[in-house]
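In what follows, a structure is listed as structure tokens, so that the remarks can point back to it.
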Amino acid sequence: MYDKMETVFRSLALEAGDKIMEIYNSDDFEVKVKSDDSPVTEADEAADALISAGLRAAFPDILLVTEEQSGTHTQKADTFIIVDPLDGTKEFVHRRGDFTVNIAYVENGVPTRGVVYAPAKDRLFYTRADGQSVEEQGPFARDTAGTLAPISVSKPDNDGLLVVASKSHRDQATDDYINKYNTKDMKSAGSSLKFCLIATGEADIYPRVGRTMEWDTAAGHAVLNGAGGAVIRFDDHSPLVYGKADYANPFFIAYAPGVDLKPA
């Protein structure tokens, strides 16, 4: 099944990415506001429809939870597929490019397989059937994978860490926590790309002191797991698990295991 998952997740993410870029590059697109005041565009909805149809056809017996279908948010299972068809809608709306397509498979609370595709940045990360995370080099053909480079986390230098933080959600609490570390460089990135930057060794730690949902993080978390990294709760440093009430996350820290973690 993992072989099928690798193929299907990858090709659906690419297909959704094409659709998203078609809308992104058009002269104008409609932006609506959801009940929680977050934006949603026709790209979110088109990508969601395409991915959902493909996943339901390929894996009819596995629960599908997706951000854009609120009816799925009350369904529960130990093992499920979870999707954010366009993470970083604000980045999309402002045409900043840092948005991603996210599809993940969660087994008993742990994201074990996932794909993160950033179509405007031409970056594609996913876990292979054997659990190893890779970055594929473009151009990306739908039906055959290109050159794959296995990725793994850095060996951090605690005298000077590479920190990545959110582009649109930086706040004082985040800065206060980052200031507990010796940092060599600080970069900002949108959406689930932050997990992928740790997975490739381009960053060492990503603290998130703010609201996220499981569909925002599961695919990036799976990619990071497959590259030797980890994601833990901010408060007690226990593993971040999935399938929680309302699919809401507590604050968390994603990191390369060599980081000397500071208490919250």
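The values are calculated or read from the model by the stated rules, or taken from the named source; none is laboratory data. Treat the numbers as computed from the prediction; the structure is a model and nothing was measured. A quick note on method: Cβ atoms are made from the backbone with ideal geometry, for glycine too, and the neighbour counts reach across all protein chains shown.
Scanning segment 158-190 for residues that are among the charged types (D, E, K, R) and surrounded by fewer than 13 Cβ atoms within 10 Å (Cβ to Cβ) turns up ASP159, ASP171, ASP176, LYS180, ASP185. Filter segment 39-74 down to the residues that are surrounded by fewer than 11 Cβ atoms within 10 Å (Cβ to Cβ) and polar (S, T, N, Q), then identify the one that is nearest to LEU14 (Cα to Cα). So the residue we want is SER70. Just to be sure before I move on: is PRO257 in contact (Cβ under 8 Å) with a residue 60 or more places away in the chain, assigned to a loop (DSSP other than H, G, I, E, B) and surrounded by fewer than 24 Cβ atoms within 10 Å (Cβ to Cβ) in the structure I sent? Against the criterion (in contact (Cβ under 8 Å) with a residue 60 or more places away in the chain, assigned to a loop (DSSP other than H, G, I, E, B) and surrounded by fewer than 24 Cβ atoms within 10 Å (Cβ to Cβ)), PRO257 qualifies. Got at least one residue in segment 9-31 being within 19 Å of the chain's Cα centre (by Cα), part of a strand (DSSP E or B) and farther than 20 Å from PHE140 by Cα? For segment 9-31, residues within 19 Å of the chain's Cα centre (by Cα), part of a strand (DSSP E or B) and farther than 20 Å from PHE140 by Cα: absent. Any idea how many residues of segment 129-140 are crowded, with 18+ Cβ neighbours inside 10 Å and either free of Cβ contacts under 8 Å to residues at least 12 places away in the same chain or not β-branched (Val, Ile, Thr) (or both)? Counting residues in segment 129-140 that are crowded, with 18+ Cβ neighbours inside 10 Å and either free of Cβ contacts under 8 Å to residues at least 12 places away in the same chain or not β-branched (Val, Ile, Thr) (or both) gives 4.
Could you say whether any residue in segment 86-107 is under 27 Å from GLU22 (Cβ atoms), in a strand (DSSP E or B) and of a type in the set (D, E, K, R)? Taking every residue of segment 86-107 in turn, at least one turns out to be under 27 Å from GLU22 (Cβ atoms), in a strand (DSSP E or B) and of a type in the set (D, E, K, R). Contact map, segment 199-212: first residue more than 12 Å from VAL164 (Cβ to Cβ), second residue part of a strand (DSSP E or B) and not basic (Lys, Arg), Cβ cut-off under 7 Å, separation 6 or more or different chains; pairs are THR212/ASN249. Here's a check for you: in segment 198-217, which residue that is over 18 Å from PRO257 (Cβ atoms) and more than 15 Å from the chain's Cα centre (by Cα) is surrounded by the fewest Cβ atoms within 10 Å (Cβ to Cβ)? Once the filter is applied, the top-ranked residue is GLY210. Scan segment 109-118 and tell me whether some residue there is surrounded by fewer than 22 Cβ atoms within 10 Å (Cβ to Cβ), among the charged types (D, E, K, R), in contact with a strand residue (DSSP E or B) (Cβ under 6 Å, 6 or more places away or on another chain) and in contact (Cβ under 8 Å) with a residue 12 or more places away in the chain. Checked segment 109-118: no residue is surrounded by fewer than 22 Cβ atoms within 10 Å (Cβ to Cβ), among the charged types (D, E, K, R), in contact with a strand residue (DSSP E or B) (Cβ under 6 Å, 6 or more places away or on another chain) and in contact (Cβ under 8 Å) with a residue 12 or more places away in the chain. Taken over segment 28-59, residues that are modelled with pLDDT under 90 and of a type in the set (Lys, Arg) amount to 2. Among the candidates ARG170, ARG113, the residue that is assigned to a strand (DSSP E or B) and on the phi < 0 side of the Ramachandran plot is uniquely ARG113.
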